[in-house]
């Protein structure tokens, strides 16, 4: 198991993904692969609410991924399976949809991770930016929009990872009605 605050969704081995998919979703929903490679399924609010939370253990401790953190319904009636998967992956990477429930401490000095229930434990997110994007209800960021956003950032700032200018540009796009919820990370633009 790994934890990565830069990973939007939990990434799991394909064998685990299809155990979950086959048990809870296959033959119960009309599903298709969305342009973003996630599974989207037509579902009613009642069907989505009937889905369980995912419970799992890490070194004997119990953890939960809420239903809405792994199977969320958009306003257009599409439920999105919010797990990524890879055929040769052997371990889980816990991403942002895990961190919604747990505070995470990255203890680099001692090579350890610590988890504690968040004050938001088992609460639904009020932000709909991800589900709207995943279900195709939000306008995607094009390469041209991204280039325009970072074009005025000094090349030295980009190389050094100073995110101040990038964050200001992102805030500017949000103020102009650009609604993507972007978490700035180190970007190296050549």
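List of remarks:
- Peptides ranked, highest mean first, by Cβ atoms within 10 Å: ranges 63-75, 98-110: 63-75, 98-110
- Taking label points 7 Å from Cα along the Cα-to-Cβ direction, residue 58 and residue 106 give a separation of 1.3 nm.
- At R0 = 25 Å, FRET efficiency that the Cβ-Cβ distance of residue 90 and residue 36 yields, to 0.05: 0.55
- Highest-first packing order for the peptide set 44-50, 89-95 is 89-95, 44-50, based on the mean count of other beta carbon atoms within 10 Å.
- More than 17 Å apart - percent of Cα-Cα pairs taken over region 2-134: 60
Read-outs: derived from the displayed coordinates by stated rules, not from any lab. On a predicted model such as this, the values are computed, not experimentally measured, just so you know. Ideal geometry is used to build each Cβ from the backbone, glycine not excepted, and the neighbour counts take in all protein chains shown.
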